[in-house]
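Read the structure below first, then the notes.
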Amino acid sequence: MPQSMRARMLAGLPYRADDPALVAESRRARALTHRLNAADPADEAGRRDLLVALLGGFGADSQIRSPLHCDYGYQTFVGDRVFVNVGLVCLDVARVTIGDDAQLGPYVQLLTATHPLEPAERRAKWESAAPVTVGANAWLGGGVTVCPGVTIGPDTVVGAGAVVTRDLPAGVLAVGNPARVVRRLAP
């Protein structure tokens with residue numbers, strides 16, 4: 001029996017996003033992010049309710065400033081005491097995990113979606129994804145891009161504008177494009 005496109009997506013297999021069930025889920029996420037992005041910033045309780053409805057998990061004392069953009073929402077899990085500045089793009093086709101006490105600067109991009117290299121497969125609208133993990137107490141500077149399948153270790157700092165194409169260990173400073181470790185940080 002063939003798997004649904006949603007089941008294929010959740011299993012990390014190639015899938016087509018134009019499947020009606022996935023289109024409906026994406027539409028739901030866009031509607032919730034629209035409401036969130038239009039909400040009064042002073043209405044902390046209302047904004048929290050929208051984030052809880054949208055995301056797979058949203059920890060205590062966490063904050064995400066608008067605007068926020070995501071594909072599905074339910075694939076994103078935010079720990080406790082997380083601060084996310086304006087403009088997060090979270091393409092959460094695969095699971096995105098943001099650990100406790102993490103800080104994300106403005107206009108960070110967490111990208112799980114990938115597309116085939118072969119032209120025929122792209123024309124046929126196949127795509128896939130790989131999870132992204134931001135460790136506890138990590139700090140991603142403004143404009144950082146994290147590519148599919150990447151894990152950033154706990155206590156790691158990624159400098160502004162870096163493009164993270166490979167896993168980063170715990171407790172380091174990484175900068176550049178592609179991001180490279182430039183030094184260890186004190187524990």
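Criterion first (open to solvent by less than 70 Å² (accessible area, probe 1.4 Å), modelled with pLDDT of 95 or more, of a type in the set (Val, Ile, Thr) and under 17 Å from the mean Cα position of the chain (by Cα)) does Val23 satisfy it? Steps first, please.
Working: open to solvent by less than 70 Å² (accessible area, probe 1.4 Å): yes; modelled with pLDDT of 95 or more: yes; of a type in the set (Val, Ile, Thr): yes; under 17 Å from the mean Cα position of the chain (by Cα): no.
The answer is no for Val23.
Inside region 59-75, can you point out the residues that are part of a strand (DSSP E or B) and closer than 15 Å to Leu110 by Cβ? Reasoning before the result, please.
Going through region 59-75, the residues part of a strand (DSSP E or B) turn out to be 63-64, 68-70.
Within region 59-75, Ile64, Leu68, His69, Cys70 qualify.
Within the group Ala130, Ala113, which residue is touching a residue at least 60 places away in the same chain (Cβ under 8 Å) and either in contact with a strand residue (DSSP E or B) (Cβ under 8 Å, 6 or more places away or on another chain) or among the hydrophobic types (A, V, I, L, M, F, W, C) (or both)?
Values: Ala113 fails: touching a residue at least 60 places away in the same chain (Cβ under 8 Å).
Just a single option satisfies the conditions, and that option is Ala130.
Being over 25 Å from Ile64 (Cα atoms) and surrounded by fewer than 19 Cβ atoms within 10 Å (Cβ to Cβ) is true for just one of Pro154, Pro116. Which residue is that?
Result of the check over Pro154, Pro116: Pro116.
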key: Sole residue being in contact (Cβ under 8 Å) with a residue 12 or more places away in the chain, assigned to a helix (DSSP H, G or I) and either within 17 Å of Ile98 (Cβ to Cβ) or polar (S, T, N, Q) (or both), chosen from Leu51, Leu22, Leu32   = Leu51
message = So Gly141 ticks every box in (1) in contact (Cβ under 8 Å) with a residue 24 or more places away in the chain; (2) closer than 18 Å to Cys70 by Cα but one. Which box is left unticked?
response = (2)
inquiry  = So the check is Cβ under 6 Å with 6+ separation or different chains; which pairs have a first residue in region 73-86 that's surrounded by 22 or more Cβ atoms within 10 Å (Cβ to Cβ) and a second one that's among the charged types (D, E, K, R)?
reply    = Gln75/Asp92; Gln75/Arg95; Thr76/Asp92
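Would you check which residues across region 35-48 are open to solvent by less than 40 Å² (accessible area, probe 1.4 Å) and outside any helix (DSSP H, G or I) and list them? I'd like the intermediate steps shown before the answer.
As a first pass, look at region 35-48 and keep what is open to solvent by less than 40 Å² (accessible area, probe 1.4 Å): 36, 39, 46-47.
Ala39 - this is the single residue of region 35-48 that is open to solvent by less than 40 Å² (accessible area, probe 1.4 Å) and outside any helix (DSSP H, G or I).
Tell me, which strands (runs of 3 or more DSSP E) wholly within region 76-187 include 3 or more residues that are under 13 Å from the mean Cα position of the chain (by Cα)?
Numbers: elements: 76-78, 88-91, 96-98, 109-111, 126-129, 132-134, 172-175, 180-184.
Those strands (runs of 3 or more DSSP E) span 76-78, 88-91, 96-98, 109-111, 132-134.
Consider Gly149 carefully, then state whether it is open to solvent by 30 Å² or more (accessible area, probe 1.4 Å), of a type outside the set (Val, Ile, Thr) and in contact (Cβ under 8 Å) with a residue 12 or more places away in the chain. First the steps, then the outcome.
Values: open to solvent by 30 Å² or more (accessible area, probe 1.4 Å): yes; of a type outside the set (Val, Ile, Thr): yes; in contact (Cβ under 8 Å) with a residue 12 or more places away in the chain: yes.
Taking the combined requirement at face value, the residue satisfies it.
The values are calculated or read from the model by the stated rules, or taken from the named source; none is laboratory data. Remember, predicted model here, so these are calculated numbers, not experimental data. Glycine also receives a Cβ, built like all others from the backbone with ideal geometry; neighbour counts cover every protein chain displayed. Areas reflect the complete protein model, heavy atoms only, side chains present, ligands, DNA and RNA absent. Shrake-Rupley method; radii C 1.70, N 1.55, O 1.52, S 1.80 Å.
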